[in-house]
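Just below is one structure, and these are the notes that go with it.
The values are calculated or read from the model by the stated rules, or taken from the named source; none is laboratory data. Keep in mind it's a predicted model, so treat the numbers as computed, not measured. Heads up, the Cβs are rebuilt from the backbone with ideal geometry, glycines too, and the neighbour counts pull from every protein chain shown.
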Amino acid sequence: MDIKYELEDFVQQIRNSVITGLILTDSKCLVLYNIDENRYPLSYGTELRVSCMIDNGTFVNIKNTSNAIFLVSDFDIAADLIFGNKDKDVSSCTVILNKVFRHIYIVPENADGDVQLKVLCHQELSEMIEDTFIDGFGYGDNGFKTVNDGFDKYGNPVLNGCHLDIVRLMKFKKGLLNNDICGRILCYDFQMDFVQNPYKW
């Protein structure tokens with residue numbers, strides 16, 4: 001039996017979307033995608049129609065206030081999705097390029113990803129990481145040449161990449177390249193290969 005008939009009073013169909021669900025926390029709404037070699041987020045127009053049901057039973061569009069999580073079986077899939085892959089005929093991700101979401105987090109489907117997801121969805125844990133980062137690197141400067149979350153002792157911008165927000169990561173790297181400056185990215189060990197990937201930013 002198709003589950004949509006059982007839940008038809010509580011869900012809204014998004015035609016042709018590859019969204020698999022929503023994670024609602026106390027402070028944010030996370031739109032969940034399960035990404036593999038056969039399923040990629042579709043066009044801007046399709047994914048723009050993300051909505052959720054609020055307490056009074058009506059649907060509201062959350063495209064301007066939501067974030068996305070891309071669950072991937074490995075980071076190579078995320079790299080293909082974001083940067084394109086000529087061998088696999090995968091184009092760059094229109095969801096990212098068209099800025100549908102404020103933040104897009106890349107989370108691997110493994111034990112490391114489970115920990116990352118728990119931290120991402122738990123406000124107190126997220127705040128603990130942010131406080132530790134501030135202790136080491138201070139606060140960001142919105143007027144600087146690139147997005148940043150703080151600065152090292154040499155004055156180089158630092159990005160807190162523990163959540164692996166691909167939107168901020170791309171802006172940070174492009175800002176470094178465009179202004180010919182050095183920067184640092186703080187991340188977990190299992191994220192390093194992706195953060196340092198050979199693809200052109």
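Considering only residues that are touching a residue at least 24 places away in the same chain (Cβ under 8 Å) and either more than 20 Å from N67 (Cβ to Cβ) or in a helix (DSSP H, G or I) (or both), which ones fall in the range 137-149?
F137, K145, T146
Return yes when L177 is part of a helix (DSSP H, G or I) and surrounded by fewer than 20 Cβ atoms within 10 Å (Cβ to Cβ) and no when it is not.
The answer is yes for L177.
Among the residues of the range 150-168, are any more than 21 Å from S27 (Cβ to Cβ), outside the structural domain of T25 (by TED's automatic domain parsing) and part of a helix (DSSP H, G or I)?
No, the range 150-168 contains no residue that is more than 21 Å from S27 (Cβ to Cβ), outside the structural domain of T25 (by TED's automatic domain parsing) and part of a helix (DSSP H, G or I).
Within the range 183-197, track down each residue that is within 13 Å of A78 (Cβ to Cβ) and β-branched (V, I, T).
Answer for the range 183-197, where residues must be within 13 Å of A78 (Cβ to Cβ) and β-branched (V, I, T): just V195.
Does C93 satisfy the condition of being crowded, with 16+ Cβ neighbours inside 10 Å, modelled with pLDDT under 90, out of contact with any His (no Cβ under 7 Å at 6 or more places or on another chain) and under 28 Å from T25 (Cα atoms)?
yes
For residues in the range 10-24 being within 16 Å of the chain's Cα centre (by Cα) and at negative phi, which is modelled with the lowest pLDDT?
V18
To keep it simple, each residue is scored yes or no on (1) within 25 Å of A79 (Cβ to Cβ); (2) among the aromatic types (F, W, Y); (3) touching a helix residue (DSSP H, G or I) at 6+ places or on another chain (Cβ under 7 Å); (4) at pLDDT 90 or above.
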{"site": "N142", "(1), (2), (3), (4)": "no, no, no, yes"}
{"site": "L159", "(1), (2), (3), (4)": "yes, no, yes, yes"}
{"site": "H163", "(1), (2), (3), (4)": "yes, no, yes, yes"}
{"site": "K173", "(1), (2), (3), (4)": "yes, no, no, no"}
{"site": "I181", "(1), (2), (3), (4)": "yes, no, no, yes"}
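Name the single residue that is surrounded by the fewest Cβ atoms within 10 Å (Cβ to Cβ) among those in the range 183-201 being at pLDDT below 90 and of a type in the set (S, T, N, Q).
Q196
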